[in-house]
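A.B. asks: Below: one structure in structure tokens.
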Amino acid sequence: MTRRRWIVLHVTVILLITYVSSYFYISRRRWEEAARLKSPAFLYVAAERALHEPEESWLPEHYALAYFYMPINALDRDLLGGPSPIMCFFHIGKKKGAE
């Protein structure tokens, strides 16, 4: 194996380990939080932040993480019965202060 392939292999393995471990760290923390709140799915951001931040400024971060982790989340659900992130939100009525 050439030196270049050896380096590419090691970098790929390190990135894969980082991706998988960060997914499990974030998803399991949020899954436990969702279980405490009796929610069937979880958010990639803290529920406290989602409840108290105005104008849903946390939503782009949640969607970015949900799409970034989508491949491993699908494997987690299929193989291990893992959690599923919330992927859509519905707004009923007017927002506060809207006329």
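The values are calculated or read from the model by the stated rules, or taken from the named source; none is laboratory data. Computed from a predicted structure; not experimentally measured. Here Cβ is always computed from backbone atoms with ideal geometry, including for glycine, and neighbour counts include all displayed protein chains.
A.B. asks: If Arg49 satisfies every condition in (1) exposed (fewer than 13 other Cβ atoms within 10 Å of the Cβ); (2) over 13 Å from the mean Cα position of the chain (by Cα) but one, which is the exception?
C.D. replies: Exception for Arg49: condition (1).
A.B. asks: When both residues are 6+ apart or on different chains and their Cβ atoms are under 9 Å apart, which pairs have a first residue that lies in the range 6-21 and is farther than 14 Å from Ile72 by Cα and surrounded by 10 or more Cβ atoms within 10 Å (Cβ to Cβ), and a second that is modelled with pLDDT of 95 or more and among the small types (Gly, Ala, Ser)?
C.D. replies: none
A.B. asks: Just to be sure before I move on: is Tyr44 outside any helix (DSSP H, G or I) and surrounded by 12 or more Cβ atoms within 10 Å (Cβ to Cβ) in the structure I sent? Spell out the reasoning first.
C.D. replies: Numbers: outside any helix (DSSP H, G or I): yes; surrounded by 12 or more Cβ atoms within 10 Å (Cβ to Cβ): yes.
Judged against the criteria, Tyr44 is a match.
A.B. asks: How many residues are small (Gly, Ala, Ser) and farther than 20 Å from Met70 by Cβ when one looks only at the range 1-39?
C.D. replies: 1
A.B. asks: Another question, then. Please count how many residues of the range 25-41 are in a helix (DSSP H, G or I) and surrounded by 15 or more Cβ atoms within 10 Å (Cβ to Cβ).
C.D. replies: 6
A.B. asks: Consider Met1 against the criteria (1) modelled with pLDDT under 85; (2) under 14 Å from the mean Cα position of the chain (by Cα): it satisfies all of them except one. Which criterion is unmet?
C.D. replies: (2)
A.B. asks: Let me ask something else about it. Just give me the residues in the range 52-63 being at pLDDT below 80 and either under 12 Å from Gly82 (Cα atoms) or exposed (fewer than 11 other Cβ atoms within 10 Å of the Cβ) (or both), in sequence order.
C.D. replies: Matches in the range 52-63: Pro54, Glu55.
A.B. asks: Identify, from the list Tyr67, Tyr44, the residue that is closer than 25 Å to Leu15 by Cα, touching an Asp or Glu at 6+ places or on another chain (Cβ under 8 Å) and modelled with pLDDT of 85 or more.
C.D. replies: Being closer than 25 Å to Leu15 by Cα, touching an Asp or Glu at 6+ places or on another chain (Cβ under 8 Å) and modelled with pLDDT of 85 or more holds for just one of Tyr67, Tyr44, which is Tyr44.
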